[in-house]
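Here's the structure we're looking at; comments come further down.
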Amino acid sequence: MKLSKYIETLIIRAKRNDKHFYTYITLVIIRILLIFVPQTGYIHPDEFFQSVEIMTGEQFEIEHTRTWEFNNTFPIRSMVVPYFLLKVPLNFIDFLSTYSKYYLEIDLRSSYMILIFPRMIMCAISFVNDYSIYKICEAYSLRYEIRLLALGSSFIMLTFATRTFSNTIEMAICSLITYYVADCMIHSNTVIYKKEFLQDRYKKAESISEKVKIWKLKRTLPAHNYNKYFSLSILCVIGVFNRPTFLVFGAPMVFFWLLRGMGTKTVNFFDFNIRMLLFVISSIPTICFCILVDSLYYRYLTTGEIHMLQITINNFVVTPLNFLKYNLDPEKTAEHGIHPKYLHLLVNIPMLYNILGIIAISSFIHLIYSFLRGMYQDLPRSQSIVGLMTAAIFTPVMALSLINHQEPRFLIPITLPILLLHSPKLVTGFCQTYPFKNQNKILYYIFNNFLSTRASAKFILNIWYITNIFLTIFFGFIHQGGVYQLARYFSNSMHAKPSTMNIHLITSNIYMMPLSIVNIPSSHLLLTNSETGKKYRRSKDFYLYEYGSLEIDKLLKKIKIILDVNEMKFINKKKIYRMYLAVPTSLAEDLNIGFQKFPDIKYEQVKVFYPHLSTEALPKIFGRHPCDLHVDFDNLQGTCDIENKNYFSFSYILKQFSSIVHQFGLALYRIEIVTNSKASTLPQQ
């Protein structure tokens, strides 16, 4: 069924007044609208620095940060997917911007467009997951309304699925492959059943005419042995080059595709081996194409070398191999953080899928228990849809648990199988029948009050909704939410400042700020003067210093050094500069105390960006209220009214609550050393 038929079917379903479907359509609209709001939440630096930062920086010729993964000497990230997914559409936007700016006075190369345009592309790709889950349900006659509802209401689809993570692409590819394999499985099972049935009829037929009739029926059966092998091979290769961890997600699904029909009279190991051979051979052209694109991008191979036919094995780079070499080294992965082996199973799955994640883990434990007790009748068949989905969930989880560094987003490709298996429990509850073999009052009480359909169906869906709403707000708007606003602020400031002024921004206890959103011309690009023909580069006028989770005392020492260097430039070269510091408001008290050790440094708060939460600097429950920390250029010493507090008064409780709320922000401070000579020349804010 094509996409148009899929949409037509959904419209027909809507006319039947299905409440779950209407809720799903509402959630789809919300998913799209959240792109344009936009969501200020910043989930992880990789959503910018592994795709958007590089592609927009190169296409629009603006300042950007090129992280170590894209080092030409040892690149571990393939540029095939980002190039065709982002660079080509951005090239079209760049072309349109010339005309929209001239005729409509609308600049399509704005910071806002740099943020939302890649998210629009990712949002469109996210509907591959919706389509795949619908098609699987249709093929196996499953209820798709509640499964689409669970998918649409998941915070994974409302936040992660619209961000430029390689994991998001990995999730879409996994979902599509899961649909292809599931479809091939049921198609093969149907054809094999009919073929074996006709073979038995053929053997029992007594007349020649009846045998001829049965033989003709057998000839009309469709082929099934090698269905979709070329499509699967292409998707798998793209998945591996997008993110080599796709190997552990794709392996169980490819295995189930190879295993179709094994054990029957018409499929044997010869068919298994031929399928494998065809799959490998058909993947070679895509592999060669991806290697060629990466080799050209990282300049291992140049057009001049191709023209002169001076090509050796050293002219090619295989980025997935470099990725595996790096990540299989425990010492290198430890630099990104060491996590316990149980983190994915016991923490990340419940966080991503909340109650459905807990149900999935419980079901898996039950399967292990049944296997160890020899109750093989309780296990799913090896070639069933339940077996496929179970393998697609826990094979990659177990494999990824062996790696030191574990993040929740690594697991989002298992979204489709988890929701396909367990989302009906959102409306049916945990158990429709008594699940225990033993019968006693305690087990009856647990079943009647928590596990039965009547008891559990009341609260499961509510828990699902509440948890996903909270996580959507947290990851979509609060987590590191001030970073994007900070970048937009300096984007506007850079266009308004004098051309002779340099801006220095120091950040601490926040994520890396994407320079592409600041949207300033690149200082590394070699330009040509149209009149003289001389080569030149633009002078750099924006400097960013990022110090991670640096302690306040060490941070202030860094600030003092940068100030002293700029003061020397100011004296000798008459260079005008302005320095800013951006830290979470939860550090306002510590910052105030720390600055008292530097009486020659003056600072004032310029702006606070709300909401913002840095897990590196969590709000303090009993911290001093920001209003009690009034600091300006004339009064360095903060004041705090701490005498005669009534801890049980309504005003004190309200003030403490206000203090916590005010700490959910990102404060921007202007810093300077004021001297007599400088005070007369420094422009006013």
Six or more apart or on different chains, Cβ under 9 Å: which pairs go from a residue in the stretch 333-344 that's aromatic (Phe, Trp, Tyr) to one that's crowded, with 16+ Cβ neighbours inside 10 Å and at pLDDT 80 or above? Could you list them? 342/401
Among the candidates 240, 267, single out the residue that is of a type in the set (A, V, I, L, M) and not in a helix (DSSP H, G or I). 267
Verdict on residue 599 being part of a loop (DSSP other than H, G, I, E, B) and at pLDDT 90 or above: no
Report the residue count in the stretch 370-398 for those that are touching a Leu at 6+ places or on another chain (Cβ under 9 Å), more than 20 Å from residue 132 (Cα to Cα), surrounded by fewer than 17 Cβ atoms within 10 Å (Cβ to Cβ) and among the hydrophobic types (A, V, I, L, M, F, W, C). 3
Any residue in the stretch 75-92 that's in contact (Cβ under 8 Å) with a residue 60 or more places away in the chain: show its pairings with residues that are among the polar types (S, T, N, Q) and not in a helix (DSSP H, G or I) at Cβ separation under 7 Å, as long as the two are six or more apart or on different chains. 77/50; 86/51
Helices (runs of 4 or more DSSP H) (entirely within the stretch 141-218) containing at least 1 residues that are of a type in the set (Gly, Ala, Ser) and in contact with a helix residue (DSSP H, G or I) (Cβ under 7 Å, 6 or more places away or on another chain): 145-153, 166-204
Just to be sure I understand, how many residues within the stretch 584-605 are closer than 16 Å to residue 563 by Cβ and either surrounded by fewer than 17 Cβ atoms within 10 Å (Cβ to Cβ) or not small (Gly, Ala, Ser) (or both)? 10
Reported set for the stretch 310-320 where residues are in contact (Cβ under 8 Å) with a residue 60 or more places away in the chain and more than 16 Å from residue 72 (Cβ to Cβ) is 320
Before we move on, is residue 323 free of Cβ contacts under 8 Å to residues at least 60 places away in the same chain and part of a helix (DSSP H, G or I)? no
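Residue by residue, here is whether (1) in a helix (DSSP H, G or I); (2) at pLDDT below 95; (3) in the same structural domain as residue 132 (by TED's automatic domain parsing) holds:
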{"position": "338", "(1), (2), (3)": "no, yes, no"}
{"position": "355", "(1), (2), (3)": "yes, yes, no"}
{"position": "383", "(1), (2), (3)": "no, yes, no"}
{"position": "420", "(1), (2), (3)": "yes, no, no"}
Residues satisfying the stated conditions in the stretch 490-537, i.e. under 36 Å from the mean Cα position of the chain (by Cα) and β-branched (Val, Ile, Thr): 503, 506, 507, 510, 517, 518, 520
Just checking, which of 415, 390 is part of a helix (DSSP H, G or I) and within 21 Å of residue 160 (Cα to Cα)? 415
Residues of the stretch 299-313 being modelled with pLDDT of 90 or more and not in a loop (DSSP other than H, G, I, E, B), which ones? 313
Here are 276, 253: which of them is surrounded by fewer than 19 Cβ atoms within 10 Å (Cβ to Cβ), touching a Leu at 6+ places or on another chain (Cβ under 9 Å) and among the aliphatic types (A, V, I, L, M)? 276
If you check 645, 569, which single one turns out to be assigned to a loop (DSSP other than H, G, I, E, B) and modelled with pLDDT under 90? 645
What number of residues in the stretch 171-188 are farther than 17 Å from residue 391 by Cβ and charged (D, E, K, R)? 0
With the checklist (1) of a type outside the set (Gly, Ala, Ser); (2) over 30 Å from the mean Cα position of the chain (by Cα); (3) surrounded by fewer than 14 Cβ atoms within 10 Å (Cβ to Cβ) in hand, flag the one item residue 342 doesn't pass. (2)
Odd one out for residue 630, checked against (1) at pLDDT 60 or above; (2) farther than 20 Å from residue 509 by Cα: (1)
Can you tell me which residues in the stretch 191-211 are free of Cβ contacts under 8 Å to residues at least 24 places away in the same chain and among the polar types (S, T, N, Q)? 207, 209
Screening 57, 41 for residues that are in a helix (DSSP H, G or I) and surrounded by 20 or more Cβ atoms within 10 Å (Cβ to Cβ) leaves only 57
Take residue 247 and decide whether it is surrounded by fewer than 21 Cβ atoms within 10 Å (Cβ to Cβ), within 28 Å of the chain's Cα centre (by Cα) and part of a helix (DSSP H, G or I). yes
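The values are calculated or read from the model by the stated rules, or taken from the named source; none is laboratory data. Being a predicted model, the structure only gives us computed values, none of them experimental. Cβ: placed from backbone, ideal geometry, glycine included. Neighbour counts: every protein chain shown.
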